[in-house]
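Everything on this sheet refers to the single structure shown next.
No lab work stands behind these numbers, since they all come straight from the coordinates. In this text, all values refer to a predicted model and were calculated from it rather than measured experimentally. Cβ coordinates were reconstructed from backbone atoms using ideal geometry, including for glycine residues, and neighbour counts include every protein chain displayed.
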Amino acid sequence: MESQIVSIKKLQRKLWVFTLFKVPLLFFCRPKIVHLNTSSLAVRIPLYWWTKNHINSMYFGVLTMGADLACGLLAMVKIANRKKTIGVIFKSVTVSFLMRAEHDVTFICNEGVIIDDMVNQAIQTEQRVTKTCRILAYTGCNMENLVASFTLELSIKLKS
């Protein structure tokens, strides 16, 4: 059973509330959901005073939060309409920084099919399921500049 996709506007409001009360550091990064469908999610984080470092590029901690958010939020969307409580964590992260992010950055996770399979497997087996997900970070109007490539190890488990 595949989860039903919610509207971007509704999900954006939920994201603001969640980050304000649960992850305030991420709230200050002002993430915006720019794309959502059954297989992918894209989040943009603006480059401004809170998110840039001493050389006027995006701080690597903010870049990592963007990748975490793109994959984690897609997983939460996939889990949302299930009648089960499923926990989501990240076990590891590997990243390649390719160039300085001197503009707003868009993080894209295209792992919706893998995450759906993980959720189904976690529900069926009642065991922890861990797989790697790839997130790409781009700058530019047409996302022509790849600034970083992330590999996150997503781990989900049905809560009893």
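What ranking of E126, E144, E111, E102 emerges when the number of other C-beta atoms within 10 Å of each C-beta is taken as an exposure proxy, fewest first?
Going from sparsest to densest Cβ surroundings: E144, E126, E102, E111.
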Q | Projected-area mean, region 8-158, by convex hull of Cα positions, square nanometres | A | 8.6
**Q.** Length gained when the stretch N53-R128 is fully extended (0.36 nm per residue, less Cα-Cα span)
**A.** 23.3 nm
Q: For the chain, set up a Gaussian network in which alpha carbons nearer than 10 Å are linked by springs, and say which option among G72, G140, G112 fluctuates the most.
A: G140
(Q) Helix-only estimate, please: 222 nm mean residue ellipticity of the chain, summing -39500 (n - 2.57) across DSSP H runs of length 4 or more and dividing by its residues, to the nearest 500. (A) -11000 deg cm²/dmol
Q: Report, in debye and to the nearest 20, how large the dipole of the chain comes out about its Cα centre when Lys and Arg carry +1 and Asp and Glu carry -1 on their Cβ.
A: 640
Q. What net charge is computed for the residues neighbouring V23, neighbours being all others with C-beta under 14 Å from the C-beta of V23, Lys and Arg scored +1, Asp and Glu -1?
A. +2
Q: Between beta-carbons, use under 10 Å as the cut-off and find the net charge around R128, counting Lys and Arg +1, Asp and Glu -1.
A: +1
Q. Considering the Cα trace of region 103-144, what is its radius of gyration and what is Dmax, both in angstroms?
A. 14.7, 44
